[in-house]
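Accompanying notes for the structure given below.
The values are calculated or read from the model by the stated rules, or taken from the named source; none is laboratory data. If you're wondering where the values come from, they're calculated on a predicted model, not measured in any experiment. Positions of Cβ are backbone-derived with ideal geometry, glycine not excepted, and every protein chain shown enters the neighbour counts. Ligands, DNA and RNA are excluded from the accessible area calculation, which covers all protein heavy atoms including side chains. Shrake-Rupley method; radii C 1.70, N 1.55, O 1.52, S 1.80 Å.
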Amino acid sequence: MTFVYQVQHHAAFGPLIVVYFFLAGLSAGLFLISSLGPVFGLKKLNPLAKSASVMALATLIPGLLALVVDLGQPLRAPTVFFRVNLSSVMSWGSFILLIYGFVCLVYTWFVWKEDARSKGWGQVGVVFAAALGLYTGFLLAAVPGRPLWNSALLPVLFLISGAVAGLSLISVAQTFFAKTTKLAGEGTGEAIHSMKIWMVTLEVLLLAFHLLAVFMLNDAGRALVKHLLTGQKQFSFVFVQVIIGMLVPLAILLLSKRSAKALGISGVLSLIGVFALRYNIVAGGEELPLSGTLMYTFGETSAWIAVSVLLILAAILILILPGIVQRVIVGKTTVAGIGKSL
């Protein structure tokens, strides 16, 4: 007698990991942008330092919540700091997140207080922000059984796309929510415009080289690339990520003559593209089975509802946290005045 079982597999990394990767990368990108003035001496970008540092915290908080909820046993989360495994990428990542969050908080305090110590904390923060941006990609790249993940280019792609997301969020805030985010960005539009063109171009090139490397790897790699280009992931990858999220924003930036509204629109599209990149890489790398013919299922409805709630929470924090910080730390001092004094 022969038994045939149709076992439906569930992907190990689901939607909550996608939103964690997105928000953690976005936070790292915002911190790096915030540091360009106080740490690297680009005075033209000083007005971005305050609000970008707060937005880095605002996106980190729901990102950490996504990670804790995904554990299934949130109360066990602190055990990762007591059961250290130096051979585990996740163990290293836990401490990177902890230190980055603390440094980001202290840096934000000193930047808003116009304290000279902000530069030193910013220098430390740059190291851990870069480590966080790279870590989210390295966590996947260290998995040899998944060809779409197992590439040295993936951590760099995640870091650069995080910077694109950070620049995009600042553009959106400047264009549509400047008053509520307290973003004193006068005179920064040209610099953001130029940086984003270079970052998006680099993001497109890294993605192309990454897919080429995967395609040339083996039969499984070729199947995964075809899955993205012509299979079930074609719409989310080709149309949403590449066309809407990369090529259209780049075309707008190149043809817009540096208008503020064009920066805002391209920013919205780029944020969609960066989220789609995280989704397509994580889901696309898991959905094709390692054996057999059944596709892996990627996330239940409840997980996507949780993702929506966390993204809404991030948006709310981005809008309200700068005002709260202004009242608590600097009182009635205007953000514009603070930006000029840096």
- [ ] Hydropathy first: keep DSSP H helices in the chain averaging at least -1.0 on Kyte-Doolittle, then drop any whose Cα extent along the axis falls short of 27 Å, and list what survives.
- [x] 15-35, 49-70, 89-112, 117-141, 153-176, 189-217, 260-287, 301-325
Task: Dipole axis of the chain (+1 Lys, Arg; -1 Asp, Glu on Cβ), positive-most option in Ser308, Phe237, Ala251 - done: Ala251
Task: Value at 222 nm in deg cm²/dmol, rounded to 500, when DSSP H runs of n ≥ 4 in the chain each add -39,500 (n - 2.57) - done: -23000 deg cm²/dmol
Open item on the list: Taking 35 Å as R0, compute the FRET efficiency from the Cβ-Cβ separation of Phe102 and Ile197 and round it to 0.05.
Closed with: 0.55
TODO: List the aspartates and glutamates whose Cα lies under 19 Å from the Cα of Lys196, skipping any in the same chain that are fewer than 8 positions away.
DONE: Glu186
- [ ] For a label point 7 Å from the Cα of Ile324 along Cα→C-beta, name the residues of the range 58-77 whose backbone N is under 20 Å from it.
- [x] 58-69
Open item on the list: Compute, for the range 182-249, the length of the dipole vector about the Cα centre, with Cβ point charges of +1 (Lys, Arg) and -1 (Asp, Glu) only. Units Debye, rounded to 20.
Closed with: 240
Task: Val84 paired with Lys226, simple spin-label distance in nm, labels 7 Å along Cα-to-beta-carbon - done: 4.7
Open item on the list: With a 1.4 Å probe and all protein chains kept in place, how much accessible area does Lys113 have, in Å² rounded to the nearest 10?
Closed with: 100
Task: the range 189-276: proportion of alpha-carbon pairs further apart than 17 angstrom, % - done: 51
Task: Two-site label geometry, Trp304 and Gln73: point separation in nm, points 7 Å out along Cα→Cβ - done: 3.0
Task: In Å, descending, principal axis extents of the Cα set of the range 39-120 - done: 44, 24, 18
Open item on the list: To the nearest 20 Debye, how big is the dipole of the chain about its Cα centre, given +1 on the beta carbon of each Lys and Arg and -1 on that of each Asp and Glu?
Closed with: 960
Open item on the list: Treating only the Cα positions of the chain as identical point scatterers, give the base-10 log of I(q)/I(0) from the Debye formula at each q in 0.13, 0.14, 0.15 Å⁻¹.
Closed with: -0.97, -1.12, -1.27
Task: Largest to smallest accessible area among Phe102, Phe95 [probe 1.4 Å] - done: Phe102, Phe95
